[in-house]
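The values are calculated or read from the model by the stated rules, or taken from the named source; none is laboratory data. This structure is a prediction, so every number in the text was calculated from the model and none was measured. No Cβ is skipped: glycine too gets one built from the backbone with ideal geometry, and neighbour counts run over all protein chains shown. When the accessible area is computed, the model is the full protein with side chains, heavy atoms only, and any ligands, DNA or RNA have been set aside. Shrake-Rupley method; radii C 1.70, N 1.55, O 1.52, S 1.80 Å.
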Amino acid sequence: MGLTKASTGVGAQDTFSKEIKKADITVALMGNPNVGKSTLFNHITGMHQHTGNWPGKTVTGAVGSCTYNEKNIAFVDLPGCYSLFSHSPEEEVACDFIKNKNPDVTVVVCDATCLERNLILVLQTLTLTANVIVCVNLIDEAKKKGICVDEKKLSEELNVPVIKTTARSGKGVNKLLGVIVENEFQREKSQVTDIEKIVELAESITKTSITLKNDNYMIKDQKIDRLLTGKLSVPTMLLLLLGVFWLTITGANAVSSVLSEFLFKTEDLLYSFLSFINCGQFLKDMLTLGGYRMLIWVVSVMLPPMAIFFPLFTLLEDSGYLPRVAFNLDRCFSSCGACGKQALTMCMGLGCNAAGVIGARIIQSKRERLIAIITNSLIPCNGRFPALISIITVFIAGASGVFIKGVLPSVVLTVVIFLSVAMTLLASKFLSKTLLSGEVSSFVLELPPYRCPQIGKVIVRSVFDRTLFVLGRAVVSAIPAGLILWVMANVSIDGVTLITIFSRALDPLGKIMGLDGIILMAFILGFPANETVIPIMIMGYLSSNVLSDSVTFLQIKDLLIQNGWDMVTAVNCIIFFLFHWPCATTLLTIYKETKSAKWTAVSLLLPTIIGFLMCVSINLIF
Amino acid sequence: MRTLSSLTPGECGIVESIAHKSKIKRRLLDLGIIPGTKVLCVLKSPLGDPTAYFVRGALIALRCSDSRDIIIR
């Protein structure tokens with residue numbers, strides 16, 4: 001699926017027809033999931049691509065182009081699918097495109113290490129169009145396993161061109177482009193449509209075209225799997241989670257302070273510029289100290305962890321490990337009426353709740369997809385990590401007097417995540433017994449072979465992509481929020497600022513929850529982006545009318561204690577950080593994915609009610 | 001009458017038929033699981049369900065409630 005800007009942004013609904021019209025040749029790129037289709041697509045089209053949704057569907061697609069031999073070729077990256085005739089949204093999109101949009105060439109990308117199964121799709125495609133090229137990818141992986149593909153024999157049997165490629169390194173890609181441009185297709189459409197006959201044909205073709213040097217080539221992968229889904233399943237998952245957190249937190253800390261220092265300097269530049277053009281004082285302060293400063297806060301706090309977490313997550317995804325997590329945890333989820341793949345959407349939610357919501361597309365059953373979407377905000381995202389960590393370190397490390405940089409916060413964060421996961425399972429169970437009751441769906445999960453990800457390429461692509469997303473969101477959400485906040489802090493009625501009026505009004509409610517009016521106000525005003533909650537809180541306590549220009553949180557301990565914080569307040573604040581309404585981007589994404597005001601409302605209310613009840617209970621008990 | 005769900009890791013079976021009531025019959029056929037296909041049981045999830053099977057070069061995980069519908073010999 002992939003955590004990309006298109007899959008998490010408030011993204012573009014594109015029709016791809018413009019790009020296709022311009023091109024000399026249109027190529028449809030098809031294949032089973034996990035065959036390296038995206039790698040091939042990225043290699044061919046490079047930066048000349050854009051992604052978006054297929055019209056009317058929540059299925060992501062991409063169009064890109066390249067030039068070869070002076071011909072402009074448009075590539076349409078169809079969703080990965082196992083068949084063309086099975087009625088899942090991906091398969092409908094692929095089938096519809098080939099039948100109705102008549103691409104000049106259809107390239108079916110196959111995995112050389114699993115050719116027999118892949119040929120089923122090839123043979124199905126041949127019943128729809130005769131202009132097919134078979135691209136046998138992952139040749140490097142096949143070599144490692146001693147699998148030899150005789151492409152000449154394969155081409156004879158199928159009566160279409162067959163090209164061997166290793167998309168990772170680009171080997172064979174030029175040959176493929178050459179064949180796309182120059183080949184004259186001389187075949188008729190296939191008449192074999194019965195699935196069992198297709199499977200038998202695939203089997204016999206494979207027997208003639210593939211030779212195995214080692215009949216037991218899959219043993220190594222299976223040995224690894226036996227460990228990772230057996231004795232080492234829980235330790236591996238725990239260690240990976242801890243490791244990813246530790247890298248994210250440590251890396252983010254290092255970068256955040258540097259980034260904020262640099263950005264605050266630019267704030268002075270903006271102020272000078274506005275003065276230079278004789279901007280009014282109120283407007284100047286509002287734009288600089290309100291809007292721009294909020295932008296700086298959000299970017300310097302949000303960008304570093306996201307720019308680290310997302311590449312790490314993509315690496316895990318590319319390595320093939322993540323489906324094993326769904327495999328290990330499926331039992332927990334199915335006993336709560338949900339789907340094992342929800343474990344994966346929860347992982348994505350750790351990075352960004354909106355990403356997790358879009359990621360829920362991997363769940364076929366509508367009912368289970370809704371459960372995954374609604375419960376997604378119960379998992380804290382990267383935007384909430386810094387807040388959780390600061391409260392935790394201030395109140396726990398402060399108490400013990402020892403601050404083990406990086407390790408203690410990672411451990412406590414992991415504990416906090418466990419709480420979130422437990423609550424997600426409970427909420428899923430609740431939903432499947434009440435609002436979303438129904439049968440537990442069927443579940444077919446492919447565990448792809450382990451592959452070494454292209455670390456360099458993934459990191460570069462992901463960081464670039466993620467930076468764009470964060471900047472985009474910061475501009476759209478943070479600036480308006482900053483402007484509003486500034487106005488509230490600097491406009492007074494009868495000598496009392498709007499902020500004070502607002503927080504005093506919320507105080508009774510806050511006290512019931514073991515919090516106070518300022519905390520609640522910060523949560524409410526932090527609706528556009530969770531990372532602004534703590535800065536707003538600080539601003540409220542200091543009764544200042546600007547956000548402070550410091551990113552370090554350690555100084556806030558005294559400030560909080562002075563304002564009546566104790567351990568109960570800290571715990572409840574952590575709980576409410578975990579369980580409250582989704583942020584604006586997530587809520588918008590939920591509405592786009594579900595197209596239902598009802599379910600969006602449920603997504604808003606469920607975490608909030610959970611958080612409220614938990615805070616009130618803890619407050620009553622302690 | 002043995003079903004796929006009765007295989008333990010390391011055991012092989014050959015598919016005899018897929019029960020008509022199976023909710024994933026079409027999906028199984030698309031993955032190449034047709035009568036006469038050889039299936040090897042490879043992994044069982046730590047919590048008991050699902051189980052992963054090696055079929056036509058790929059590793060596919062199925063829940064017990066679904067693998068019960070696949071009859072083998």
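Residues that are out of contact with any Asp or Glu (no Cβ under 7 Å at 6 or more places or on another chain) and within 12 Å of residue B:28 (Cα to Cα) within the stretch B:54-67 comprise B:55, B:61, B:62, B:66, B:67, listed in sequence order. In the stretch B:46-73, of all residues being more than 15 Å from residue B:9 (Cα to Cα), open to solvent by 20 Å² or more (accessible area, probe 1.4 Å) and not in a strand (DSSP E or B), the one that is farthest from the other protein chains (Cβ to nearest Cβ) corresponds to B:73.
Can you work out which of the residues in the stretch A:384-409 that are modelled with pLDDT under 75, within 15 Å of residue A:250 (Cα to Cα) and part of a helix (DSSP H, G or I) is most open to solvent (accessible area, probe 1.4 Å)? It comes out as A:407.
Return the total of residues in the stretch A:574-613 being on the phi < 0 side of the Ramachandran plot and open to solvent by 50 Å² or more (accessible area, probe 1.4 Å).
Just the residues of the stretch A:574-613 that are on the phi < 0 side of the Ramachandran plot, to begin with: A:574-594, A:596-613.
From what's left, open to solvent by 50 Å² or more (accessible area, probe 1.4 Å): A:588, A:591-592, A:597-598, A:604-605, A:609, A:612-613.
Total satisfying the criteria: 10.
Of the residues making up the stretch A:85-112, those that are open to solvent by less than 60 Å² (accessible area, probe 1.4 Å) and closer than 18 Å to residue A:445 by Cα are A:86, A:88, A:89, A:90, A:91, A:111.
The residues of the stretch A:213-245 that are surrounded by fewer than 17 Cβ atoms within 10 Å (Cβ to Cβ), facing chain B (nearest Cβ under 10 Å) and not in a helix (DSSP H, G or I), listed by number, are A:230, A:231, A:232. Residue check: is residue A:233 of a type in the set (Gly, Ala, Ser) and either under 30 Å from the mean Cα position of the chain (by Cα) or more than 30 Å from residue A:74 (Cα to Cα) (or both)? For residue A:233, the condition - of a type in the set (Gly, Ala, Ser) and either under 30 Å from the mean Cα position of the chain (by Cα) or more than 30 Å from residue A:74 (Cα to Cα) (or both) - is met. Across the stretch A:165-196, the number of residues qualifying as outside any helix (DSSP H, G or I), among the basic types (Lys, Arg) and open to solvent by 100 Å² or more (accessible area, probe 1.4 Å) comes to 2.
For (1) more than 20 Å from residue A:143 (Cβ to Cβ); (2) touching a strand residue (DSSP E or B) at 6+ places or on another chain (Cβ under 8 Å), each residue gets a yes or a no:
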residue: A:158; (1), (2): yes, yes
residue: A:163; (1), (2): no, yes
residue: A:166; (1), (2): no, yes
residue: A:184; (1), (2): yes, no
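Which ones in the stretch B:26-40 are of a type outside the set (A, V, I, L, M, F, W, C) and either part of a helix (DSSP H, G or I) or at the interface with chain A (Cβ under 7 Å from one of its Cβ atoms) (or both)? Outline the logic, then answer.
Kept after step one, since they are of a type outside the set (A, V, I, L, M, F, W, C), are these residues of the stretch B:26-40: B:26-27, B:30, B:32, B:35-38.
Hits for the stretch B:26-40 are B:26, B:27, B:30, B:32.
The condition of being in a helix (DSSP H, G or I) and either among the charged types (D, E, K, R) or open to solvent by 20 Å² or more (accessible area, probe 1.4 Å) (or both) does not hold for residue A:440. Of all the numbered requirements in (1) part of a strand (DSSP E or B); (2) facing chain A (nearest Cβ under 7 Å); (3) touching a residue at least 24 places away in the same chain (Cβ under 8 Å), residue B:23 misses one, and that requirement is (1).
Quick check on my filter: what residues within the stretch A:368-383 are open to solvent by 10 Å² or more (accessible area, probe 1.4 Å) and modelled with pLDDT of 90 or more? Let's see the steps before the verdict.
Within the stretch A:368-383, the first condition is being open to solvent by 10 Å² or more (accessible area, probe 1.4 Å), and the residues that meet it are A:369-370, A:381.
Passing the criteria: A:369, A:370.
Within the stretch A:91-142, the residues that satisfy the criterion of being farther than 17 Å from residue A:205 by Cβ and within 14 Å of chain B (Cβ to nearest Cβ) are A:91, A:92, A:94, A:95, A:138, A:141.
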